[in-house]
Amino acid sequence: MKYETGKDWRDCAAKRVILFGMSGLGKTHVSQMMRATGEWYHYSVDYRIGTRYLGEAIDDNLKRVAMREPFLREQLMTDSIFIKSNITFSNLAPVSYYLGKPGARDKGGLALEEYRRRQAQFRHAEEQALLDTGTFIDRASHLYGYPHFVCDTGGSFCEWVDPENPEDPILQALSKDALLVWIKGSPSHTAELIRRFDRAPKPMAYQPEFLSQTWSQYLNDMNVDAEAVDPDAFIRYAYSRALAHRQPRYEAIAGNWGVTVTAEDVATATTPEAFVDLIGAALDIRGAST
């Protein structure tokens with residue numbers, strides 16, 4: 001960690017921060033606020049995943065579906081039309097659409113083995129996108145001239161690292177180049193995220209072991225065959241369990257590799273200056289407790 005005290009952070013002419021935590025607690029909002037100043041480079045891990053590492057797979061899947069329709073198939077085969085996802089910083093949905101949901105095909109689900117294959121693809125993509133952070137820190141500074149850098153990670157970041165291992169390759173690389181900051185939600189935030197997810201369930205990435213256990217539990221609890229699983233019902237069932245699974249992992253990352261700020265404080269830090277001060281205060285708290 002490059003910043004030992006709040007003063008180190010506030011006085012530094014090149015602030016570099018990596019935000020992590022549950023999706024929906026402000027990582028992207030804060031990143032966009034910092035970027036809007038013109039002094040912060042915004043690196044979105046999910047955008048990198050969708051454009052660099054899963055871009056071809058996402059586009060090929062769209063073409064595969066289009067090829068089922070004879071009218072579109074003929075035009076694709078003669079290069080008369082072009083099909084490509086529209087991934088932007090503000091629209092990362094194509095990545096979620098590609099991940100999909102396991103369950104009955106007639107309800108829009110994927111066979112479990114295909115779902116596992118896409119999960120493995122996503123894991124590799126996210127690991128590589130995280131390891132690309134240092135490269136983008138250099139590009140932001142040396143190519144574009146940005147003094148400061150903010151990395152906006154996905155909610156599944158914690159799934160692929162071992163925060164108790166001081167030689168974890170991803171955490172070593174990230175902490176060498178920037179300050180890891182956990183945006184910690186309260187129980188009320190978690191309840192609201194669950195309510196929001198229940199209204200509009202979205203695909204997620206899971207550790208293979210967690211997925212296997214949760215899938216087996218769902219089949220047993222609901223007394224349903226795998227081929228008859230309602231995809232939305234399953235990911236609703238898995239969501240609160242995934243949040244509970246991730247919480248101690250986030251906490252260990254912050255405790256061993258970074259600092260913690262609360263979602264409540266982030267919500268009131270409505271200017272870049274306020275957010276910088278919030279991180280400085282978190283560093284001072286960490287220093288006082290060691």
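The values are calculated or read from the model by the stated rules, or taken from the named source; none is laboratory data. Please read these numbers as outputs of a predicted model, since none were measured by experiment. Reconstructed Cβ throughout: ideal geometry from the backbone, glycine too, with neighbour counts over all protein chains shown. Areas reflect the complete protein model, heavy atoms only, side chains present, ligands, DNA and RNA absent. Shrake-Rupley method; radii C 1.70, N 1.55, O 1.52, S 1.80 Å.
Structure values in brief
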quantity: Inter-residue pairs, beta-carbon under 6 Å, first assigned to a loop (DSSP other than H, G, I, E, B) and in the range 175-193, second modelled with pLDDT of 90 or more and charged (D, E, K, R), 6+ apart; calculated: A178/R16
quantity: Cβ-Cβ under 8 Å pairs, at least 6 apart or on other chains, the range 220-238 side aromatic (F, W, Y), far side assigned to a loop (DSSP other than H, G, I, E, B) and open to solvent by less than 50 Å² (accessible area, probe 1.4 Å); calculated: F234/K101; F234/G103
quantity: 3 or more residues of a type outside the set (S, T, N, Q) and either open to solvent by less than 30 Å² (accessible area, probe 1.4 Å) or touching a Lys or Arg at 6+ places or on another chain (Cβ under 6 Å) (or both): qualifying helices (runs of 4 or more DSSP H) within the range 38-97; calculated: 55-66
quantity: Sole residue being small (G, A, S), farther than 30 Å from R117 by Cβ and open to solvent by 60 Å² or more (accessible area, probe 1.4 Å), chosen from A263, A274, A267, A254; calculated: A267
quantity: Test result for V150, buried (at least 21 other Cβ atoms within 10 Å of the Cβ), farther than 21 Å from A242 by Cα and not charged (D, E, K, R); calculated: yes
quantity: Scope the range 154-165; condition open to solvent by 40 Å² or more (accessible area, probe 1.4 Å) and without any contact (Cβ under 8 Å) to a residue 60 or more places away in the chain; matching residues; calculated: D162, N165
quantity: Count - residues of the range 265-290 that are in a helix (DSSP H, G or I), within 19 Å of Q32 (Cβ to Cβ), in contact (Cβ under 8 Å) with a residue 60 or more places away in the chain and small (G, A, S); calculated: 1
quantity: Residue in the range 220-242 that is farther than 21 Å from E127 by Cβ, among the aliphatic types (A, V, I, L, M), modelled with pLDDT under 95 and outside any helix (DSSP H, G or I) present; calculated: no
quantity: Yes/no for D232 being surrounded by fewer than 18 Cβ atoms within 10 Å (Cβ to Cβ) and over 29 Å from T37 (Cα atoms); calculated: yes
quantity: Which listed residue is modelled with pLDDT under 95 and closer than 30 Å to G6 by Cα, from D162, D177, D198, D168; calculated: D177
quantity: Odd one out for E209 among (1) over 20 Å from the mean Cα position of the chain (by Cα); (2) open to solvent by 50 Å² or more (accessible area, probe 1.4 Å); calculated: (1)
